[in-house]
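Input: a single structure, listed below in structure tokens.
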Amino acid sequence: MNTELSFSTSYGKLRIPVYRVYASPLLGIAPIPESTFVRRENILFAYEIDVDVLGENFLPAYTEGDNSNVVATDSMKNFVLRQALDFTGSTIEEFLDVLGRSFLQTYVQMERLRLSGRELSFEQVTVPEQGVGIFVDSHVLFSRSHSDYAVAMLSFERNEAGTAVLTDHHCGNVDMELFKVTGSAFSRFVRDEYTTLQERVDRPLFIYLDVYWKYSDPQVLLSADHSYYVPAEQVHDLLCVVFHEFVSESIQHLVHEMGNRLLARFPQLTEVSFEAQNRTRDQIVVSKTDEKVKVYSDPFSAYGVIRLTVSRKV
Ligand SMILES: O=c1[nH]c(=O)c2[nH]c(=O)[nH]c2[nH]1
């Protein structure tokens, strides 16, 4: 039997590490009540970049071994690193924008592109200022931090005039791990013969949380004026404030509140979405003399997942 086949392909380079020192600082950020964050020094601008080339014109590389429309992924890596030296912007989204436009300008062989960036998170080390007895941020030494980190994705294609246009984007902050010891509930859920979980009006809620956001107008995201730029640090801080304040009935209830608060705080965003994992630990023992003192341990290894996307109605 001669069945017709169709193909969907992409190729590129993943996890290109870029450590650019002395990039332009991110300034002009509008303060928000939930965060102290208003500037990022960018002395160390460190990201991993993924390049994904999409389209049809390189299909002969798969079907016939014809590489005439294939840009070596090794060249892509070199291109990204060279662009990092010339980069004059101060956000990962601006860097991906420069990369997307320059790739399409340089390589006629590329029809469409998806570029992603993942922050390699470093914190300025605190050192004593000589003779003063106070501690200040070092401007030369950074400590690698393995906590949550910012991400971004921008997609480009060529328009009829042959110039690169942005077709999709999202920004995010991922791998947050937040443990609230009291002030969360999970009760009044369906009970049947499979239910062993106890009703809890107060449980220790430990979640892993990823959040993503999109701008109504991507030009605002890429503007050199950063007064409407939404920094991942402010999003992180706002989510922490909501978790701190809000007594939730479930993770579903919590992420809904977080979504509402983010869209209210940042009118320039059109959509926010969440993926939360329930990592709540099992209660093992409670103190007989003070019932708020408890010991928890790891639960059964499977975990619940809760997703939510909140969009503005058009
Ligand atoms: O916040 C929660 N949502 C659920 O849907 C759920 N299911 C469960 O077993 N525990 C929890 N917690």
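The values are calculated or read from the model by the stated rules, or taken from the named source; none is laboratory data. Not measured: the values here are computed from a predicted model. Glycine also receives a Cβ, built like all others from the backbone with ideal geometry; neighbour counts cover every protein chain displayed. Remember, those area values only see protein heavy atoms, side chains included, never the ligands or the DNA or RNA. Shrake-Rupley method; radii C 1.70, N 1.55, O 1.52, S 1.80 Å.
Kirkwood's formula applied to the C-alpha pairs of region 173-311 gives a hydrodynamic radius of 16.7 angstrom. Per-residue surface analysis assigns E291 an accessible area of about 140 Å², computed on protein heavy atoms at 1.4 Å probe radius.
Averaged per residue, the chain has 57 square angstrom of accessible surface, using a 1.4 angstrom probe with ligands and nucleic acids left out.
Taking 1.002 mPa s as the viscosity and 20 °C as the temperature, the Stokes-Einstein diffusion coefficient of region 131-250 based on its alpha-carbon Kirkwood radius rounds to 114 µm²/s.
Computed with a 1.4 Å probe on the full set of protein chains, the accessible area for T196 sits at about 130 Å².
Spin-label model, D168 to V190: label points 7 Å out along the Cα-to-beta-carbon direction sit 3.2 nm apart. Kirkwood radius and radius of gyration were both taken over the C-alpha atoms of the chain, and their ratio Rg/Rh is 1.04. Apolar share of the accessible surface for the chain: 52 percent from carbon plus sulfur atoms, 1.4 Å probe. What accessible area, in Å² to the nearest ten, does a 1.4 Å probe give for L5? Taking all protein chains as shown, L5 has close to 130 Å². Over region 10-170, all Cα pairs binned in 10 Å intervals from 0 give whole-percent P(r) values of 10, 33, 30, 16, 8, 3, 1, 0, listed from short to long. Here the simple spin-label model places points 7 Å from the Cα toward Cβ, and for K292 and V201 these points are separated by 1.7 nm.
Taking Cα centre as origin and charging only the Cβ of basic (Lys, Arg, +1) and acidic (Asp, Glu, -1) residues, the dipole magnitude of the chain rounds to 480 debye.
Per residue of the chain, the DSSP helices (runs of n ≥ 4 H) give a summed -39500 (n - 2.57) that works out to -6500 deg cm²/dmol at 222 nm. Each of S68 and S10 was given a label point 7 Å from its Cα along the Cα-to-Cβ line. The distance between the two points is 2.7 nm. Dipole size of region 1-143 about its Cα centre, with +1 on Lys/Arg Cβ and -1 on Asp/Glu Cβ: approximately 240 debye, rounded to the nearest 20.
For the chain, what is the number of Lys pairs with C-alpha distance below 16 angstrom, counting only pairs 8 or more positions apart or on separate chains? Each step should come with its number before you reach the end.
Details: K13/K77; K180/K292; K180/K294; K214/K313.
Final tally of qualifying lysine pairs is 4.
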